[in-house]
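Right, one structure below, let's go through it.
The values are calculated or read from the model by the stated rules, or taken from the named source; none is laboratory data. What you see is a predicted model; the values in this text were computed from it and never measured. FYI the Cβ positions are ideal-geometry reconstructions off the backbone, even for glycines, and counts take in every protein chain you see. Note: accessible area is taken over every heavy atom of the protein model, side chains too, but ligands, DNA and RNA are not part of it. Shrake-Rupley method; radii C 1.70, N 1.55, O 1.52, S 1.80 Å.
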Amino acid sequence: ETHPNIRIRLVGQVADVPQLLRKSDLLLHTSAQEGLPTVVLESLAAGTPVVAVEIRGTSDILRSGGGCLVAPNPEEIAHAVEHLSAPEVWTRESNRARAIAAPFRRSEVLGEMLDLYSTLVENGSDR
């Protein structure tokens, strides 16, 4: 079955992932196992909503929005893609995506790590 508003493009390896994500309507992430999926964070930072299988790591990130979490079956995945193709839904989830990704920005994470290490050095370590 085809849908006039849904086009899928398999692009292979690309050099500029952030640019590709900014040009994309959504990211389809169907991994069966992940830790903290970087590509999902990159997609959210680009404002590109994500359709992902509900697994640990991915569900922790997308619990507040930024796309759709689905069971690992084609019908639910297709329904989520169609749902996100509605302009008002896409805009809402794109805005949520950027907000969810903000705490994971390199500058934020590096600042927190520097603060942590500084505190450890100042207070000494028992180990």
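A quick yes/no check of all residues on (1) more than 14 Å from the chain's Cα centre (by Cα); (2) among the acidic types (Asp, Glu):
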site: Pro49; (1), (2): no, no
site: Ser64; (1), (2): no, no
site: Glu75; (1), (2): yes, yes
site: Met113; (1), (2): yes, no
Can you spot a residue in region 46-54 that is open to solvent by less than 10 Å² (accessible area, probe 1.4 Å) and among the hydroxyl-bearing types (Ser, Thr, Tyr)?
yes
Number of the condition not met by Leu41 [criteria: (1) of a type in the set (A, V, I, L, M); (2) open to solvent by less than 30 Å² (accessible area, probe 1.4 Å); (3) in contact with a Pro (Cβ under 7 Å, 6 or more places away or on another chain)]
(3)
Just to verify a result, which residue in region 83-127, among those that are in a helix (DSSP H, G or I) and among the small types (Gly, Ala, Ser), is surrounded by the most Cβ atoms within 10 Å (Cβ to Cβ)?
Ala97
Looking only at region 31-54, which residues are modelled with pLDDT of 90 or more and either part of a loop (DSSP other than H, G, I, E, B) or among the hydroxyl-bearing types (Ser, Thr, Tyr) (or both)?
Ser43, Ala46, Gly47, Thr48, Pro49, Glu54
Quick check on region 77-90. Is at least one of its residues more than 20 Å from Ile8 (Cβ to Cβ), at pLDDT 90 or above and more than 15 Å from the chain's Cα centre (by Cα)?
yes
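Would you point out which residue out of Thr58, Thr30 is more than 21 Å from Arg105 (Cβ to Cβ) and either buried (at least 17 other Cβ atoms within 10 Å of the Cβ) or in contact with a helix residue (DSSP H, G or I) (Cβ under 9 Å, 6 or more places away or on another chain) (or both)?
Being more than 21 Å from Arg105 (Cβ to Cβ) and either buried (at least 17 other Cβ atoms within 10 Å of the Cβ) or in contact with a helix residue (DSSP H, G or I) (Cβ under 9 Å, 6 or more places away or on another chain) (or both) holds for just one of Thr58, Thr30, which is Thr30.
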Just checking, does region 69-77 include any residue being touching a helix residue (DSSP H, G or I) at 6+ places or on another chain (Cβ under 6 Å), free of Cβ contacts under 8 Å to residues at least 60 places away in the same chain and outside any strand (DSSP E or B)?
no
